[in-house]
Amino acid sequence: MVKWGGSMRMNTRPEGISYRKNEIFLDVVEEVHLLMAANGAVLRSEVQGAIKVRCCLSGMPDIQLALDDKARFQSSHQVIRNPHAPVEDLCFHQAVRLDRFNTDRVISLTPPDGAFELMGYRVHQNIKPLILVESIVESHKGSRVEYVVKARSNFKERTTAENVIISIPVPSDVDTPQFKTSIGTVMYAPEQNLVLWTIKHFQGGKEYQMKAHFGLQTISAEEIKFRPVSVQFRIPNFSISGIRVRYLKVEERSGYSALTWVRYATQSGSYQIKSK
């Protein structure tokens with residue numbers, strides 16, 4: 001479904017706005033929400049996307065935006081990358097001319113000044129897990145517990161995830177932590193009952209391993225096997241839905257030339273994997 005973010009179209013831009021340097025910045029930001037079983041099966045997934053704009057343009061400009069061929073628009077008002085991954089629930093800013101969009105699939109408007117959200121959307125189907133985590137918990141005669149955690153990036157080598165944090169739940173009464181990792185840093189956060197494995201740069205097509213050993217006093221490993229591991233990450237210059245901006249044009253009656261900037265980022269929302 002396609003709709004405005006309010007009840008009717010509005011132009012909220014006042015006259016007389018002036019900038020020494022005319023620029024418009026556009027960010028396509030997608031947030032991945034995912035729950036994965038220990039065997040790698042995706043139990044629940046969704047991408048929440050938004051096109052965010054920061055407008056630093058003089059006068060009363062008109063902007064036109066088109067998405068590339070991978071994001072095809074159907075007459076049902078859905079944007080699709082392929083028949084198995086529909087982009088749903090398009091919600092536009094109130095300044096967008098929906099009649100123009102319905103005719104030729106061009107997003108056009110006289111933009112508000114400053115920052116605003118141009119478009120929101122969701123994707124539910126065929127969402128590929130970007131970081132796979134296998135976590136195995138083993139107890140040893142009830143006196144200690146060992147975690148073996150393997151993390152693998154599921155995207156191309158030229159792409160890199162930044163500030164990856166893998167959070168592994170542990171019992172509240174563990175002690176004497178010992179860690180060994182092939183990359184990054186590991187710390188125990190007792191106030192959160194978590195082991196935090198941080199990888200600053202996680203390149204595509206790579207796999208890493210971390211081991212954690214704890215003394216275990218009263219809680220058995222059976223009680224912690226099914227607590228999910230959570231993952232945080234941000235991947236710049238990457239759109240998991242495949243949406244790309246084909247062009248972004250600015251026209252204003254004074255005829256000035258404006259600089260246009262477009263960036264992409266995919267980041268984690270609620271992203272969890274169950275342990276074995």
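The values are calculated or read from the model by the stated rules, or taken from the named source; none is laboratory data. Please read all numbers here as calculations on a predicted model, not as lab measurements. Cβ placement follows ideal geometry from the backbone for every residue including glycine, while neighbour counts extend to all protein chains displayed. Note: areas computed on protein heavy atoms with side chains; ligands, DNA, RNA excluded. Shrake-Rupley method; radii C 1.70, N 1.55, O 1.52, S 1.80 Å.
On the given criteria, is Ile107 modelled with pLDDT of 90 or more and under 23 Å from the mean Cα position of the chain (by Cα)? Taking the combined requirement at face value, the residue satisfies it.
Taking the stretch 163-276 as the region of interest, the strands (runs of 3 or more DSSP E) fully inside it that hold 1 or more residues being over 26 Å from Asn39 (Cα atoms) and in contact (Cβ under 8 Å) with a residue 40 or more places away in the chain are 175-181, 207-215, 229-236, 245-251, 259-273.
Pairing residues of the stretch 32-48 that are touching a residue at least 24 places away in the same chain (Cβ under 8 Å) and within 21 Å of Val137 (Cα to Cα) with residues that are part of a strand (DSSP E or B) and among the small types (Gly, Ala, Ser), at Cβ distances under 9 Å and at least 6 apart in sequence or on separate chains, gives Leu35/Ser45; Leu35/Ser270; Met36/Ser45; Ala38/Ser135.
This table checks each residue for (1) under 19 Å from Val245 (Cβ atoms); (2) at pLDDT 95 or above.
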{"residue": "Val42", "(1), (2)": "no, no"}
{"residue": "Ile51", "(1), (2)": "yes, yes"}
{"residue": "Leu57", "(1), (2)": "yes, yes"}
{"residue": "Met60", "(1), (2)": "no, yes"}
{"residue": "Gln64", "(1), (2)": "yes, yes"}
{"residue": "Ser75", "(1), (2)": "no, no"}
{"residue": "Gln78", "(1), (2)": "yes, no"}
{"residue": "Arg81", "(1), (2)": "yes, no"}
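Within the stretch 132-175, track down each residue that is out of contact with any Phe, Trp or Tyr (no Cβ under 6 Å at 6 or more places or on another chain), over 30 Å from Gln217 (Cα atoms) and not acidic (Asp, Glu). Within the stretch 132-175, Leu132, Arg152, Asn154, Phe155, Lys156, Arg158, Thr160, Asn163 qualify. Take the conditions (1) touching a Gly at 6+ places or on another chain (Cβ under 8 Å); (2) modelled with pLDDT under 95; Thr159 misses just one of them, which is (2).
Can you tell me which residue is most open to solvent (accessible area, probe 1.4 Å) among those in the stretch 51-70 that are part of a strand (DSSP E or B) and within 17 Å of Phe238 (Cα to Cα)?
Among residues in the stretch 51-70 that are part of a strand (DSSP E or B) and within 17 Å of Phe238 (Cα to Cα), the one most open to solvent (accessible area, probe 1.4 Å) is Lys52.
Taken together, the residues in the stretch 115-137 that are open to solvent by 20 Å² or more (accessible area, probe 1.4 Å) and either over 14 Å from Gly269 (Cβ atoms) or in contact with a His (Cβ under 6 Å, 6 or more places away or on another chain) (or both) amount to 9.
Considering Ser139, Ser135, the condition of being modelled with pLDDT under 85, of a type in the set (S, T, N, Q), part of a strand (DSSP E or B) and under 30 Å from Ile273 (Cα atoms) is satisfied by Ser139 alone.
Among the residues making up the stretch 222-276, those that are more than 20 Å from the chain's Cα centre (by Cα), among the aliphatic types (A, V, I, L, M) and either crowded, with 17+ Cβ neighbours inside 10 Å or closer than 23 Å to Phe202 by Cα (or both) are Ile224, Leu248, Val250, Ala258.
Scanning the stretch 167-221 for residues that are on the phi > 0 side of the Ramachandran plot and of a type in the set (S, T, N, Q), we see that the one that is most open to solvent (accessible area, probe 1.4 Å) is Thr176. How many of the residues in the stretch 92-109 are open to solvent by 20 Å² or more (accessible area, probe 1.4 Å), in contact (Cβ under 8 Å) with a residue 12 or more places away in the chain and either of a type in the set (Lys, Arg) or not in a helix (DSSP H, G or I) (or both)? Going through the stretch 92-109 one residue at a time, the tally reaches 4. Can Arg122 be described as within 19 Å of Glu207 (Cα to Cα) and at pLDDT 90 or above? Against the criterion (within 19 Å of Glu207 (Cα to Cα) and at pLDDT 90 or above), Arg122 does not qualify.
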